[in-house]
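Single-structure report; data block below.
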Amino acid sequence: MAIHPETEYNHPQGQELANLRVVQDKELEEIKCHLDLVLLALEAIANINSEVIIQAAQDLHLDAVIGDRLTLWGLTSSHPKLKITGEEKKLDVEEARSLVLIICHLANQHQELLRRGVSLLEQVTEQNESPYQTALLSNYLDRFINSYQKRIAHPQKISAESLSDLAWKLLSDLLFYSGQNGHRLLWIAIFDATQINCP
Amino acid sequence: MSSIIHRFTPPTCTLEITEKKLPLSGWLSSDILPNCQFKLKFDDPRQTTFKQITIQGDRQDLLQLQTVINCYVQMQLQSSFQAKGIKTTSKRDGINGKPYLTPQGLMHHELFFGRLTHDSQLHSLKLSTIQLFDLATALAAYQTETIVSGSKPQALPKIIAFGGGIAAVTLTAIAIITVLKPQMQPERATNTQPQSSIKIPELNEITPPSLPDPHQKTATPKLREPIASITRLPPPPAVETPKPKPNIPDPADYPLSDVARQSGLDNPVKNKNINNRETKSASINPQTAPKTDVVEQIPTVTTSSPAKTNLVKPAQDLAVKSSSNQPSQAEQITAYFENKWQPPVELKQSLEYRLVLDRNGSIIRIVPLGKAAQLYLNQTNIPVNGEAFISPLTKSQPDIIRLLLNPDGKVQVFTESK
């Protein structure tokens, strides 16, 4: 088990995450997948691209930590057919922390939108109506499914219905990540999930 | 004994925690916690009043609730990254009267009260994800505040209490002096994140109506009470004008709450009255004073009608101006909002606003009446940038109007006297 040296963070939230637990190497690959999903959902609901994410990294002064990976991300997003072969740099814990902060920062910025989306979803669910009736939810689902099929490497076999459910679930999750304690919630969630998945 | 009130008001619930500090608490060990009572009310304005449940309890109950909510939320978030079949509730839930949560479908959750004191007739409450988020936010805000206030440096050194003797008397005397000093932290409502804004300043921002009769009640719809319990409004204040014509209905027959809630319903009796008044008004010389009387004496009365054209006529009947072919102020406002008002899908209540108008026909102040009105203000298309949206006011036109935006798209306008 490698113990990663603690990076000095100007962010109190980042420092809080750094103190939470020690990361094991084998967990990082799964964590990357989890963060991919959340980021994908965020981009789909807020209709933002990789440039916005890179800008957020700069605003939070995290571009030094995560800049290269986000640039790579941006390339693959805008050129879906571009496959990065070879040894892709594995996600390290500092990058994981930075991504958590960036995701929660952007979610907070779009909190009203997330709130509206979740409220609409609650309403159509309760009334047994189709989410496609509302433009906001319809566009979100289309963008989510589109991006999932393009960007998720080695996607698990998942039915269309399950994929839709995942999209709605992540939309609700984003609302919680948009709160003041969102970074803590996301950090613990991505780690606790690996505890169960990794024997 | 001093007490501190922490109040957190996200849109769908209100959490109030009262801490009563013992006189010597500043001197005693920090292990001795102040007496604490909490009250949690689920007051989502989109729900009817009888569904607005209140839970209360002491510090232990609050900590238990906090733990339950935090654990449940964390497990829900984690489940997005896991294969299906992972249960989010354990067999230990509900044992020993502990509250617990279970998912209900994709977007709802059921909170079982356990031992918690509540005013519901059921033993559980269905929460939406929004409500769960607001509750978690309020609890987290209180937790943050507790940590922040607990980390402040102590003004006095910590002294373990001991009884008996001169030392105890001296301590008591000093404590009394300390208590009698102006409190550094009196009862306060605490501001938290933008999404859980404090309640008291919100109330302060609402300007009370400037009606001449000090005994007249504010005609604010009471969203939190059942219709049957709302008292009828008193008659409007008397003015120095002749009495209205007999065929004009008594305002006491049309309580504001009934009018607001029956928007869109077809009431043949009321329509008939409208038709009678319309006939009469057509034949009356527009210079006649009684028209002005009607404006001032029945400021909040109008009747609903299924056809949009009929909605305009009552306003005209009440507020028609003398010797002018120009549409009345109320007509103009009604017409403006009928084009602009697009009710949100999830809105189930009417939104009511008091608008204070400038002479040039622009809005200088908007007063949302009720929590729902505050929530949906930015979706109402009310011109908020001081632009003129109706023709300039004439001298005798009132400059305070009440705007009612109904969830079925209908718009109603009432004039209020100055």
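The values are calculated or read from the model by the stated rules, or taken from the named source; none is laboratory data. All values derive from a computational prediction rather than experimental measurement. Using ideal geometry, Cβ is built from the backbone for each residue, glycine included, and neighbour counts are taken over all protein chains shown.
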- Query: Name the pairs whose Cβ atoms lie under 9 Å apart, with the first residue in segment B:43-72 and touching a residue at least 12 places away in the same chain (Cβ under 8 Å), the second in a strand (DSSP E or B) and among the small types (Gly, Ala, Ser), and 6 or more positions between them or separate chains?
  - Reply: B:ASP44/B:SER128; B:GLN64/B:GLY57; B:LEU65/B:GLY57
- Query: Would a scan of segment B:332-343 turn up a residue that is within 14 Å of chain A (Cβ to nearest Cβ), at pLDDT 75 or above and within 28 Å of the chain's Cα centre (by Cα)?
  - Reply: yes
- Query: Do we find that B:ARG7 is of a type in the set (Lys, Arg), at pLDDT 70 or above and closer than 17 Å to B:SER128 by Cα in this structure?
  - Reply: no
- Message: Return the residues of segment A:27-39 that are away from chain B (no Cβ under 12 Å) and under 12 Å from the mean Cα position of the chain (by Cα); say none if nothing qualifies.
- Response: A:LEU39
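Per-residue answers, yes or no, for (1) part of a loop (DSSP other than H, G, I, E, B); (2) within 14 Å of another protein chain (Cβ to nearest Cβ); (3) modelled with pLDDT of 90 or more; (4) under 30 Å from the mean Cα position of the chain (by Cα):
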position	(1), (2), (3), (4)
B:GLN76	no, yes, yes, no
B:ARG92	yes, no, no, no
B:LEU127	no, yes, yes, yes
B:LEU132	no, yes, yes, yes
- If we take segment A:94-199, then helices (runs of 4 or more DSSP H) inside it with 2 or more residues that are within 12 Å of chain B (Cβ to nearest Cβ), surrounded by 14 or more Cβ atoms within 10 Å (Cβ to Cβ) and in contact with a Ser or Thr (Cβ under 7 Å, 6 or more places away or on another chain) are A:111-126, A:160-177
- Query: So which residues in segment B:94-125 are away from chain A (no Cβ under 12 Å), without any contact (Cβ under 8 Å) to a residue 60 or more places away in the chain and either of a type in the set (A, V, I, L, M) or part of a strand (DSSP E or B) (or both)?
  - Reply: B:ILE95, B:TYR100, B:LEU101, B:THR102, B:GLU110, B:LEU111, B:PHE112, B:LEU122, B:SER124
- For the subset of segment B:103-136 comprising residues that are touching a strand residue (DSSP E or B) at 6+ places or on another chain (Cβ under 8 Å) and of a type in the set (Val, Ile, Thr), which member is surrounded by the fewest Cβ atoms within 10 Å (Cβ to Cβ)? B:THR117
- Number of positions in segment B:344-360 that are more than 14 Å from every other protein chain (Cβ to nearest Cβ) and in contact with a Ser or Thr (Cβ under 6 Å, 6 or more places away or on another chain): 0
